[in-house]
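The structure appears below as structure tokens.
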């Protein structure tokens, strides 16, 4: 079943906004369905420093297990990605098949297999059609440089309704560096990490340790603070490649350029995480949940996720119902310190609850809920800590999309 066309725009990228030294390729391997590109390659012309983060789900797909070992080297040069099949819950066979695909690509590219990372997304529990993929590798290599970054963003989509791309340019030593990120994700979105694949590429030279720290911080503040349905995947992967072809001095945490680089990476990952939530399966509204006045950041985060993951809250917002009682119930269930008689709740700028009681502003709040981007704010008035979580509403189309996922 096809999802209805998204109400959100397609995010494309100009050709001159690609980091130096990166080329791309996509082909149709008919992994799940024919008549679409479903196999992609991201290639750096030179060896790159790399960092990555992966799902914390104890059930991990074969590609994740392989990439987690490779990333310890901090080096890489290529990423091959397929959609349509997750190669998860496929046992030793899944590992063997992933290695076989890597071997064929390494031979064609004439680089070490250890420099090739593999990522998969799609149906769990079905053996990956390795022969189909291997047959397409010669074409994949021939097409290198013929595809655009948006072609890769499209090829890795599953239930997404639009490709997700964010870019940033920044000045490093009077040279203009570029960071580009693409990702896929719309369902099975839950933190640690959110269910998605994400690939960031940059021509800026960055030390391995600095790259790793920057990525992990960025993921914590972006992909780990979004939720669509509270379900966690087996394949979540974020990889960043920095090939240094800008020619700048290697950035470390002590470099003058570090803060601007760090901010740019954070901007890219946050922008991508926002697009994932906007494209949540069946979603019609983007919701930002802010909890402030908590006694610790951990408590604020627990409360915010309790609200963001509440099906009752999400369906109420879909129905334009400012049912603040559902928010209050979610906070109370979150197992944080709370004094009910101190809690204030806002829908947008409308203060709907004052000190735990209705402010009689539900008609004003209902108008807020008719917008496409909603801000919910809860002030616990117990401390100085706060956090923000992104989520979306829950609609009938979420059920329609998922009931037909394997057909």
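The values are calculated or read from the model by the stated rules, or taken from the named source; none is laboratory data. For clarity, every value in this text was computed on a predicted model and none was experimentally measured. Here the Cβ positions follow ideal geometry from the backbone for every residue, glycine too, while neighbour counts run over all protein chains shown.
Restricting attention to segment 248-260, does a residue exist that is farther than 19 Å from residue 169 by Cα, touching a helix residue (DSSP H, G or I) at 6+ places or on another chain (Cβ under 6 Å), assigned by TED's automatic domain parsing to the domain that holds residue 163 and assigned to a helix (DSSP H, G or I)?
no
Looking at 121, 130, which one is buried (at least 21 other Cβ atoms within 10 Å of the Cβ), in contact (Cβ under 8 Å) with a residue 12 or more places away in the chain and within 24 Å of residue 154 (Cα to Cα)?
None of the other options fit; the residue is 121.
With respect to residue 185, determine if the residue is touching a strand residue (DSSP E or B) at 6+ places or on another chain (Cβ under 9 Å), on the phi > 0 side of the Ramachandran plot, at pLDDT below 90 and not assigned by TED's automatic domain parsing to the domain that holds residue 386.
yes
Exactly one of (1) buried (at least 17 other Cβ atoms within 10 Å of the Cβ); (2) closer than 25 Å to residue 149 by Cα is unmet by residue 94. Its number?
Answer for residue 94: the failing condition is (2).
Pick from 229, 212: which is modelled with pLDDT of 95 or more, in contact with a helix residue (DSSP H, G or I) (Cβ under 9 Å, 6 or more places away or on another chain) and surrounded by 19 or more Cβ atoms within 10 Å (Cβ to Cβ)?
None of the others qualify; the one that does is 212.
Is it fair to say residue 306 is under 19 Å from residue 394 (Cα atoms) and crowded, with 20+ Cβ neighbours inside 10 Å?
yes
Run residue 168 past the list (1) modelled with pLDDT of 95 or more; (2) outside any strand (DSSP E or B); (3) surrounded by fewer than 24 Cβ atoms within 10 Å (Cβ to Cβ); (4) in contact with a strand residue (DSSP E or B) (Cβ under 8 Å, 6 or more places away or on another chain) and report the number of the one that doesn't hold.
Just one mismatch for residue 168, condition (2).
Name the residue, out of 157, 144, that is outside any helix (DSSP H, G or I) and crowded, with 18+ Cβ neighbours inside 10 Å.
That would be 157, the only listed residue that is outside any helix (DSSP H, G or I) and crowded, with 18+ Cβ neighbours inside 10 Å.
Being under 27 Å from residue 390 (Cβ atoms), touching a strand residue (DSSP E or B) at 6+ places or on another chain (Cβ under 9 Å) and surrounded by fewer than 22 Cβ atoms within 10 Å (Cβ to Cβ) is the filter here, so list the residues in segment 242-261 that pass it.
258, 260
Would you point out which residue out of 74, 52, 84 is on the phi > 0 side of the Ramachandran plot and modelled with pLDDT of 95 or more?
That would be 74, the only listed residue that is on the phi > 0 side of the Ramachandran plot and modelled with pLDDT of 95 or more.
Looking only at segment 368-386, count how many residues are farther than 16 Å from residue 291 by Cβ and assigned to a loop (DSSP other than H, G, I, E, B).
Final tally of qualifying residues: 3.
Which residue, of 385, 358, is in contact (Cβ under 8 Å) with a residue 60 or more places away in the chain and more than 20 Å from residue 283 (Cβ to Cβ)?
Selected residue: 385, the only one of 385, 358 that is in contact (Cβ under 8 Å) with a residue 60 or more places away in the chain and more than 20 Å from residue 283 (Cβ to Cβ).
What are the residues in segment 81-117 that are in contact with a helix residue (DSSP H, G or I) (Cβ under 7 Å, 6 or more places away or on another chain), outside any helix (DSSP H, G or I), within 16 Å of residue 44 (Cα to Cα) and without any contact (Cβ under 8 Å) to a residue 60 or more places away in the chain, if any?
Passing the criteria: 112, 116.
Could you list, in sequence order, all residues of segment 62-72 that are in contact with a helix residue (DSSP H, G or I) (Cβ under 7 Å, 6 or more places away or on another chain) and either crowded, with 24+ Cβ neighbours inside 10 Å or outside the structural domain of residue 236 (by TED's automatic domain parsing) (or both)?
Listed by number, the residues that qualify are 62, 63.
Identify the single condition in (1) assigned to a loop (DSSP other than H, G, I, E, B); (2) surrounded by fewer than 22 Cβ atoms within 10 Å (Cβ to Cβ); (3) touching a strand residue (DSSP E or B) at 6+ places or on another chain (Cβ under 6 Å) that residue 34 does not satisfy, given that it satisfies every other one.
If we test residue 34 against (1) assigned to a loop (DSSP other than H, G, I, E, B); (2) surrounded by fewer than 22 Cβ atoms within 10 Å (Cβ to Cβ); (3) touching a strand residue (DSSP E or B) at 6+ places or on another chain (Cβ under 6 Å), just (3) comes out false.
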